[in-house]
Amino acid sequence: MGWYPPPRLRFQHRYTKHIVLFLLTFFTTTFSQVFFILMLTGDVRLFVRLINPQMFVAGLWYSIPVLAILGAHEFGHYYYCRRYNVDATLPFFLPAPIQSGTFGAVIRIREAFPNRSALFDIGVAGPIAGFVVLVPFLYYGVQHSQLGPVATDQLIFYYGEPLLFKALAWLKFGTRPEGFDVMLHPTGFAAWWGMLATSLNLLPFGQLDGGHIAYAVLGKRARYVSLLTLGAVLLLTVFSRSWLVTAILLVVMTLIFGFRHPRPIDDVSPVGRGRTIIAIIAAIIFILCFTPVPVDIIGPK
């Protein structure tokens, strides 16, 4: 008579860790403007003066939308992990004392994907869910924004304009007068970070969401797409230093994992025409959210 170990329990979570990280991220995103001011001035004494109920209430216009967008993205992945019974954690929200207030959110998938269809659905669900949530926030933010003169006598932060933002801004303001730009409402700024996160995640590289989608559709040929993506990102660093962190991350991932992608248990069954169409929709979302110069610093003219 043999003895067989009990099956490993799936979806066991350390709720305290998830809750603490979420609350910390809620704090850093709500007071992200404070951290931005501290980054510019270096005066730590401002921290105590700027942490107040008024700043807290004002910060909610940013923190609630950005957490909703990140949460929708990660729970999109998590929902399909549950659907395919692929063990995964709940989202880990990552706080950061920087202008965005967060390094994003992640889930950790603990076992192999059963087939390419599961890989595709789990990979694509996050970006689509995040995009669906960010669109109304972006619309609201643009509608409550104003045109203002661009300062020419001081350093200013320039934030690239994805196609979706350009379209909504044109519908609101038409052609902007020379020397004027959109002063974006905090809710629109949260959606802007959401678009940046969506476009980065949809890069068809390695184990990013876009890499999952590419492998599910193309199989081993996806490694060539990863190679081209790495080359494109390295080229983009020539035009904008804001791509440097992404480029370093992709290089590190290449050194550790190469261009290979973990194989699903069933690596033969195709994903079908329906999912190929969804992959095209994901590519369109990438184009709408992408900007070649995410952030730049412009000096006095």
About its Cα centre, what dipole magnitude does region 194-301 give when the only charges are +1 on Lys and Arg Cβ and -1 on Asp and Glu Cβ, stated in debye to the nearest 20?
200 debye
Of the options ALA214, THR198, GLY188, report the single residue whose Cα projects farthest towards the positive end of the charge dipole of region 15-298 (beta-carbon charges: Lys, Arg +1; Asp, Glu -1).
ALA214
Computed on Cα atoms only, the convex hull of region 232-301 has an orientation-averaged projected area in nm² of 7.1 nm²
Take GLU178, GLU161, GLU111 and order them by how many other Cβ atoms sit within 10 Å, fewest up front.
GLU178, GLU111, GLU161
Which ³J(HN,Hα) values in Hz, rounded to whole numbers, follow from the phi angles of region 23-35 under the Karplus curve 6.51 cos²θ - 1.76 cosθ + 1.60, where θ = phi - 60° and Gly and Pro get x?
5, 5, 5, 4, 5, 5, 6, 5, 9, 4, 5, 5, 4
Among TRP192, TRP170, which comes first, then next, by fewest other beta-carbon atoms within 10 Å?
TRP170, TRP192
Is it possible to state the helix-based mean residue ellipticity at 222 nm for the chain, with each DSSP H run of 4+ residues giving -39500 (n - 2.57), the sum divided by total residues, to the nearest 500 deg cm²/dmol? What is it?
-19500 deg cm²/dmol
Per-residue Cβ contact counts at 10 Å, fewest first, order HIS77, HIS18 as HIS18, HIS77
Taking the Cα centre as origin and putting +1 on Lys and Arg beta-carbons and -1 on Asp and Glu beta-carbons, what dipole magnitude results for the chain, to the nearest 20 debye?
780 debye
Which one of ALA72, VAL142, PHE26 is farthest out on the positive end of the charge dipole of the chain, using unit charges on Cβ (Lys, Arg +1; Asp, Glu -1) and the Cα centre as origin?
ALA72
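No lab work stands behind these numbers, since they all come straight from the coordinates. Small disclaimer: the values here were computed from a predicted structure and weren't measured. Note that we place each Cβ from the backbone using ideal geometry, even for glycine, and neighbour counts take in every protein chain shown.
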